[in-house]
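Colleague: Following this message is one structure expressed as structure tokens.
The values are calculated or read from the model by the stated rules, or taken from the named source; none is laboratory data. All of these numbers come straight from a predicted model, not from anything done at the bench. Every residue, glycine as well, gets a Cβ built from its backbone with ideal geometry; the counts of neighbours run over all protein chains shown.
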Amino acid sequence: MKLKTSGSKKLWDYSLKHLAGGVNSPVRAFNAVGGSPLFIKSAKGPRLSDVDGNSYLDYVMSWGVMIHGHADTDIQTALLAAVPKGTSYGAPTGAEAVLAEMIKKALPSIEKLRFVSSGTEAVMSAIRLARGCTGRDKIVKFTGCYHGHADSLLVKAGSGAATFGAPSSPGVPAAFARNTVSLEYNDSEGFLAYMKRNGKEVACVIVEPIAANMGLVLPEPGFLQALRKACTKSGSLLIFDEVITGFRVGFGGAQGLYGIKPDLTTLGKIIGGGLPVGAYGGSGKIMSQLSPAGKVYQAGTLSGNPLAMAAGCAAIKKLSKPGVYKKLEASGQAMEKGLRLIIRKSGLPLTLNRAGSLFTLFFSKGPLKDWTGAAACDTKLYAKFFWAMAERGVYLPPSQFETCFLSAAHSPADIEATLKAAEQALDY
Ligand code: HOZ
């Protein structure tokens, strides 16, 4: 190992004494790639610096949050203006409606929305709302999709749940699990058959319109359309979990990209500009079922937090300017072109999936269109690749079952350097 890691190791020992499993979110513990986590000291633009003085081109970007790059000056300016005014009131501010209006303009399926503090909270609340609106208990999800860690959703889930080989968590009451049906992603036929038999019992169907928690898996033509059609027929609500894809694959999210109108959308990450945030929204009719207008209860002291709103407004304003998504697409294309060349040259069984600025290099010959395919990847080889890249100054997600994120701060020279590192790292 060429990397100097003594400072990170010291902090890891310290953290293990005081934090559960040493971390506040499981994937960060590096169990899937071996070794111990790299402790970050600071970040700027596309780069992370660790406590040992190593610098990395970052492709985690806080799991997609930092679309403008780390420590963006416009977001910083907005935050610095907001901080002296107080950091939480537990009372309304104008900024909440301002950010809501900005989001609505980008996602016309949303007429009303509500802010919460995380993607998990957004999804958990959207599901309660769907159950409240329909009077039904059952929910349908897709294996390998991850929708946060709420009880009902930790059944055959992706991300850390898949990484740690426990896609269905202990602690989830059997009664909850019974009401969660997990079907294979991209299997329109299987889904339609299920809905034909059981659709009238289904409160909602929740999906990552582009799955980004089993690595990146794109929807096959017709899959999302099949969901929309069957939900309309059975009176079930279609929830697009756009916590990752929202404002990422385009200003209008995946729903804009594929031209599909979900009944409810969940958001997080980018809309908080790097501060904790989540949101869920849909038609005025559905959202009016929420308390205090309606009877479905959900609340939060830090919901619509003024700092998160300030950072979120700055982040979305920047994304609304022309050229950002063009740049992200160009970077994605350059990365794809380079990686495909490297894959061909290496002769290794590798598969690349990409959607705009999201991509995953799978250690499998593919095709990668569902969890069955993702689960067949050589995760040991991925771990080796992860460390070979880290040694060459590139920080990848510490699990095969996550997605790489480019930001607007990654330059053509950064991509070039990453490709060079990948070519060397794959030369086993
Ligand atoms: N579940 C997140 C990735 N999909 C990881 C969150 C984190 O560790 O920050």
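Colleague: Return the pairs, sorted by first residue and then second, in which the second residue is within 13 Å of the ligand (Cβ to nearest atom) and assigned to a helix (DSSP H, G or I), the first residue lies in segment 150-163 and is within 21 Å of THR360 (Cβ to Cβ), the beta carbons are less than 7 Å apart, and the residues are 6+ apart or on different chains.
Modeller: SER159/VAL27; GLY160/PRO26; GLY160/VAL27; THR163/VAL27
Colleague: Residues GLU189, GLU184: which one is touching a helix residue (DSSP H, G or I) at 6+ places or on another chain (Cβ under 7 Å) and surrounded by fewer than 19 Cβ atoms within 10 Å (Cβ to Cβ)?
Modeller: So the residue among GLU189, GLU184 that is touching a helix residue (DSSP H, G or I) at 6+ places or on another chain (Cβ under 7 Å) and surrounded by fewer than 19 Cβ atoms within 10 Å (Cβ to Cβ) is GLU184.
Colleague: Mind telling me which of the residues LEU257, LEU307 ends up being of a type in the set (A, V, I, L, M) and under 18 Å from ASP72 (Cβ atoms)?
Modeller: None of the other options fit; the residue is LEU307.
Colleague: Name the pairs: first residue in segment 19-41 and free of Cβ contacts under 8 Å to residues at least 60 places away in the same chain, second residue more than 13 Å from the ligand (Cβ to nearest atom) and of a type in the set (A, V, I, L, M), Cβ to Cβ under 7 Å, at least 6 apart or on different chains?
Modeller: Here the result reads GLY22/LEU16; PHE39/LEU11; PHE39/VAL51; ILE40/LEU48; LYS41/VAL51, each pair linking segment 19-41 to a residue that is more than 13 Å from the ligand (Cβ to nearest atom) and of a type in the set (A, V, I, L, M).
Colleague: Still on this structure, I have one more. Among the residues of segment 186-208, write down those that are under 9 Å from ILE139 (Cα atoms) and assigned to a strand (DSSP E or B).
Modeller: Scanning segment 186-208 gives VAL202, ALA203, CYS204, VAL205, ILE206.
Colleague: Could you count how many residues in segment 362-391 are surrounded by 20 or more Cβ atoms within 10 Å (Cβ to Cβ), part of a loop (DSSP other than H, G, I, E, B) and among the aliphatic types (A, V, I, L, M)?
Modeller: Looking only at that region, the number is 1.
Colleague: Now a separate question. When you scan segment 81-185 for strands (runs of 3 or more DSSP E) that lie fully inside it, which ones turn up with 2 or more residues that are of a type in the set (Lys, Arg)?
Modeller: Fully inside segment 81-185 and qualifying: 112-116, 138-143.
Colleague: Counting only residues that are over 14 Å from THR163 (Cβ atoms) and within 14 Å of the ligand (Cβ to nearest atom), which one in segment 41-65 is surrounded by the most Cβ atoms within 10 Å (Cβ to Cβ)?
Modeller: Per the criteria, the residue is ASP58.
Colleague: Give just the number: which of (1) of a type in the set (Gly, Ala, Ser); (2) outside any loop (DSSP other than H, G, I, E, B); (3) more than 10 Å from SER117 (Cβ to Cβ) does ALA308 not satisfy?
Modeller: (3)
One line per residue, one yes/no per condition, for (1) over 29 Å from SER331 (Cα atoms); (2) modelled with pLDDT of 95 or more; (3) within 14 Å of the ligand (Cβ to nearest atom):
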| site | (1), (2), (3) |
| --- | --- |
| LYS17 | yes, yes, no |
| PHE39 | no, yes, yes |
| ILE67 | no, yes, no |
| ASP74 | no, yes, no |
| ALA78 | no, yes, no |
| VAL83 | yes, yes, no |
